[in-house]
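The values are calculated or read from the model by the stated rules, or taken from the named source; none is laboratory data. All values reported here derive from a predicted model rather than from experimental measurement. Quick reminder, even Gly has a Cβ in these numbers, built from the backbone with ideal geometry, and neighbours come from all protein chains shown. Note: areas computed on protein heavy atoms with side chains; ligands, DNA, RNA excluded. Shrake-Rupley method; radii C 1.70, N 1.55, O 1.52, S 1.80 Å.
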Amino acid sequence: MTTSASPSDSPLVRAARGETVSHTPVWFMRQAGRSLPEYREVRRGTDMLETCRTPDLVTEITLQPVRRHRVDAAIFFSDIVVPLQAAGVDIDIEPGVGPVLDEPFASREDLDRIPELTADMIPDIAESVRRIVLELGPTPLIGFAGAPFTLASYLIEGGPSRNHELTKSLMHGDPELWNDLCARLTQISAAFLKVQVEAGASALQLFDSWAGFLSKADYRRYVLPHTQATLAALADAGVPRIHFGVGTGELLPDMAAAGTEVIGVDYRVNLAEAIERVGGDQPVQGNLDPALLFAPWEVVEREVRRILDEGRAAPGHIFNLGHGVLPDTDPVVLTRVVELVHEVSAR
Ligand code: CP3
């Protein structure tokens with residue numbers, strides 16, 4: 001459905017800049033992944049992080065959902081912990097669990113185990129991006145990274161966490177060490193994003209997936225400054241920035257003001273309400289509940305139409321889910337959602 005000549009003039013990039021579009025652009029977080037049989041086929045027998053460092057595989061997997069669903073953007077196939085591992089952090093991704101560390105971060109000495117990331121450590125990432133961009137033609141590629149808080153949580157908890165208690169304990173108990181850790185993670189995320197943009201990515205998304213676990217006061221004091229620094233490092237990169245977290249209804253105004261063109265909205269807040277909360281002058285991304293893709297089609301259709309309707313109140317709207325595609329989602333439904341978004345929003 002993308003008919004523009006260049007990614008920088010595509011519906012996705014135009015919507016992110018608040019410019020007029022031929023239709024509302026749509027892509028899905030986790031569109032490349034286990035919902036696709038062709039993904040499961042390619043991944044068979046190869047470890048997740050090894051896959052992320054192999055340009056042939058990264059290129060193929062990134063393109064799969066674009067071919068199948070005709071989405072308006074590709075999201076680079078990688079993971080938020082790829083730059084950590086590339087810098088030398090001993091971290092792995094366990095299938096069905098997520099990122100895990102044998103030796104979690106706990107003390108100042110542990111900072112030595114988190115070296116800075118330089119472009120020469122990830123030549124494969126630049127190569128994958130260049131190959132994907134060449135294949136995509138006019139369709140934009142979205143680069144991404146994890147925000148310092150979400151990365152710090154994995155490093156400190158040693159894996160996915162229900163309550164983030166060790167992270168909050170370190171944040172409050174040793175703010176100086178917390179800030180030094182987050183400064184290091186800011187450097188790593190910014191370097192990872194820059195490599196992707198310099199190799200041809202047309203937009204970027206900063207994932208602070210677990211920010212919704214924080215109070216507003218903690219977010220402002222311990223997290224926002226580091227997120228701002230990460231986004232500021234990309235301010236002159238010439239591509240729109242999208243900032244997203246889960247369960248962040250209370251944090252939306254702060255997250256929207258962190259130095260981002262687009263604010264990502266999860267499904268817990270109606271889009272109209274979210275647009276109001278951030279002041280109505282910023283493009284938004286979101287926010288169909290990924291669980292509703294399992295409901296009867298009439299429900300999906302009604303929700304898609306409602307969200308498109310509500311999105312018209314913002315200067316730009318990028319249709320997406322309120323969080324990632326669930327692994328058991330029927331990919332046929334995702335394709336139908338793309339078609340419906342394009343049809344309903346065509347102008
Ligand atoms: O289509 C896409 O969105 C592309 C790629 C992508 C992956 N991870 C691939 C992946 C992106 C953007 C991410 C980011 C990521 N990784 C986030 C932020 C987004 C979010 O979901 O909030 C987070 C928190 C992680 C950490 C992580 N890595 C988790 C929670 C998991 C899932 C664990 C599981 O198996 O359920 C991973 C592994 C991972 N990253 C998979 C994929 C496709 C699953 C690996 C597999 O297929 O076996």
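Conditions: (1) within 16 Å of the ligand (Cβ to nearest atom); (2) open to solvent by less than 20 Å² (accessible area, probe 1.4 Å). Residue 160 meets all but one. Number of the miss?
Result: residue 160 passes all but (2).
Can you name the residue in region 9-48 that is within 15 Å of the ligand (Cβ to nearest atom), closer than 25 Å to residue 264 by Cβ and of a type in the set (A, V, I, L, M, F, W, C) and, of all such residues, is most open to solvent (accessible area, probe 1.4 Å)?
The extreme case among them is 48.
State whether the residues of region 214-233 include one that is open to solvent by 30 Å² or more (accessible area, probe 1.4 Å), farther than 24 Å from residue 73 by Cα and within 16 Å of the ligand (Cβ to nearest atom).
No.
Could you tell me how many of the residues in region 179-213 are open to solvent by 50 Å² or more (accessible area, probe 1.4 Å) and farther than 23 Å from residue 141 by Cα?
Residues in region 179-213 being open to solvent by 50 Å² or more (accessible area, probe 1.4 Å) and farther than 23 Å from residue 141 by Cα: 6 in total.
Being outside any helix (DSSP H, G or I) and either at pLDDT 95 or above or more than 26 Å from residue 329 (Cα to Cα) (or both): is that true of residue 24 here?
When the stated conditions are applied, residue 24 passes them.
Whether any residue in region 24-38 is at positive phi and in contact with a Gly (Cβ under 9 Å, 6 or more places away or on another chain) is what I want to check.
yes
Out of region 304-336, which residues are more than 21 Å from residue 18 (Cα to Cα), touching a residue at least 12 places away in the same chain (Cβ under 8 Å) and either out of contact with any helix residue (DSSP H, G or I) (no Cβ under 6 Å at 6 or more places or on another chain) or part of a loop (DSSP other than H, G, I, E, B) (or both)?
Residues satisfying the conditions are 323, 324, 325, 326, 327, 328, 329, 330, 331, 336.
Got at least one residue in region 158-174 being in contact with a Gly (Cβ under 6 Å, 6 or more places away or on another chain) and in a helix (DSSP H, G or I)?
Looking through region 158-174, none of the residues is in contact with a Gly (Cβ under 6 Å, 6 or more places away or on another chain) and in a helix (DSSP H, G or I).
Would you check if residue 87 is open to solvent by 20 Å² or more (accessible area, probe 1.4 Å), more than 19 Å from the chain's Cα centre (by Cα) and either near the ligand (Cβ under 10 Å from one of its atoms) or not basic (Lys, Arg) (or both)?
So residue 87 does not fit the description; no.
Counting just the residues of region 95-115 that are part of a loop (DSSP other than H, G, I, E, B) and among the acidic types (Asp, Glu), which one comes out nearest to the ligand (Cβ to nearest atom)?
The residue in question is 102.
Filtering region 234-246 down to residues that are within 14 Å of the ligand (Cβ to nearest atom) and in a loop (DSSP other than H, G, I, E, B), which residue is nearest to residue 151 (Cα to Cα)?
245
Out of (1) touching an Asp or Glu at 6+ places or on another chain (Cβ under 8 Å); (2) open to solvent by 10 Å² or more (accessible area, probe 1.4 Å); (3) more than 14 Å from the ligand (Cβ to nearest atom), what's the single condition that is false for residue 68?
Checking residue 68 against (1) touching an Asp or Glu at 6+ places or on another chain (Cβ under 8 Å); (2) open to solvent by 10 Å² or more (accessible area, probe 1.4 Å); (3) more than 14 Å from the ligand (Cβ to nearest atom), the one that fails is (3).
Looking at 245, 259, 279, can you tell me which residue is open to solvent by less than 10 Å² (accessible area, probe 1.4 Å) and either of a type in the set (Gly, Ala, Ser) or farther than 19 Å from residue 344 by Cβ (or both)?
After applying the criteria, what remains is 245.
Which one of the conditions (1) open to solvent by 60 Å² or more (accessible area, probe 1.4 Å); (2) part of a helix (DSSP H, G or I); (3) within 15 Å of the ligand (Cβ to nearest atom) does residue 92 fail to meet, given that it meets all the rest?
All conditions are met except number (2).
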